[in-house]
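Everything on this sheet refers to the single structure shown next.
Nothing in this text is a laboratory measurement; each read-out follows from the coordinates by a stated rule. The shown structure was predicted, so the numbers you read here are calculated from the model rather than taken from an experiment. We place every Cβ from the backbone using ideal geometry, glycine too, and count neighbours over all the protein chains shown.
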Amino acid sequence: MESAGGGKRVKMEETFRGRLFEAADADYQRFSASLLPGTERVIGVRLPALRKMAREIAKGDWRAYLKTAPGDYFEEVMLQGMIIGCAGCGAEETLCHVAAFVPKIENWSVCDSFCAGLKFAKDNKERVLLFLQPYFRSAREFEVRFAVVTLLNFFIDEEYIQRVLCLLDEIRHDGYYAKMAVAWALSLCYVRFPAQTTAYLKECALDDFTYHRTLRKITESRCVDGEAKAAVRRMMRG
């Protein structure tokens, strides 16, 4: 898509890349890069500025933007994910855009921000849960994390807690970020449904790393009281 300006037609994607660089913060760039091992091309744009830009694009021809949007920089990929989350189209079209975006996820930051923005899942839980099934079994680390983080954002409730626990117990990926997502999800399950989650943890099939990380996250939570934390510590294996 192109827009006219100053007697010259400029592609939308080029315009927004320029705006990303205009919004760059050198100190934040160094900070962000330090949190994202292996991610070298970071401009240094803060999340509120990215969200504002995503909402602006979503009000226009966002479909055209996504077709040609560059992904050379961390923020450009993040921006695409945010647009999908706030575009406001129907569930099936949104899932098509989600499926196209997931392979672009290469770090925990893009993954977690993208998943949190998929608020359409609240009103389409069964459809979204069906869509997520292949990702739980994926060989790709961040595809598994995508499924788990979407689960922890929208499915830890009275209706879905037992299904969530079963799904998490079946994950068998060795990737660090996949395992940490499972531990994160289970810690939230414990905070909201301590009895069910405790019963699950006593008979779960989690590997030792994920199991102990789960217990650690529970004991680090401000939402868990001291007595419960002491009981959780006694659940350590070996």
Selection within the stretch 208-227 - outside any helix (DSSP H, G or I) and either exposed (fewer than 15 other Cβ atoms within 10 Å of the Cβ) or more than 27 Å from the chain's Cα centre (by Cα) (or both): 222, 223, 225
Per the filter on the stretch 67-91, residues of a type in the set (A, V, I, L, M) and either within 30 Å of residue 176 (Cβ to Cβ) or surrounded by fewer than 18 Cβ atoms within 10 Å (Cβ to Cβ) (or both) are 69, 77, 78, 79, 82, 83, 84, 91
In the stretch 92-128, how many are surrounded by 14 or more Cβ atoms within 10 Å (Cβ to Cβ), small (Gly, Ala, Ser) and assigned to a helix (DSSP H, G or I)? 4
So residue 43 fits all but one of (1) part of a helix (DSSP H, G or I); (2) buried (at least 16 other Cβ atoms within 10 Å of the Cβ); (3) not small (Gly, Ala, Ser); what number is the exception? (1)
Return the pair list, or none, for Cβ contacts closer than 7 Å from residues in the stretch 76-89 that are without any contact (Cβ under 8 Å) to a residue 60 or more places away in the chain and of a type in the set (Lys, Arg) to residues that are surrounded by 20 or more Cβ atoms within 10 Å (Cβ to Cβ) and assigned to a helix (DSSP H, G or I), at least 6 apart or on different chains. none
The conditions are (1) free of Cβ contacts under 8 Å to residues at least 24 places away in the same chain; (2) under 25 Å from residue 94 (Cα atoms); (3) surrounded by fewer than 17 Cβ atoms within 10 Å (Cβ to Cβ), and residue 230 fails exactly one of them. Which is it? (2)
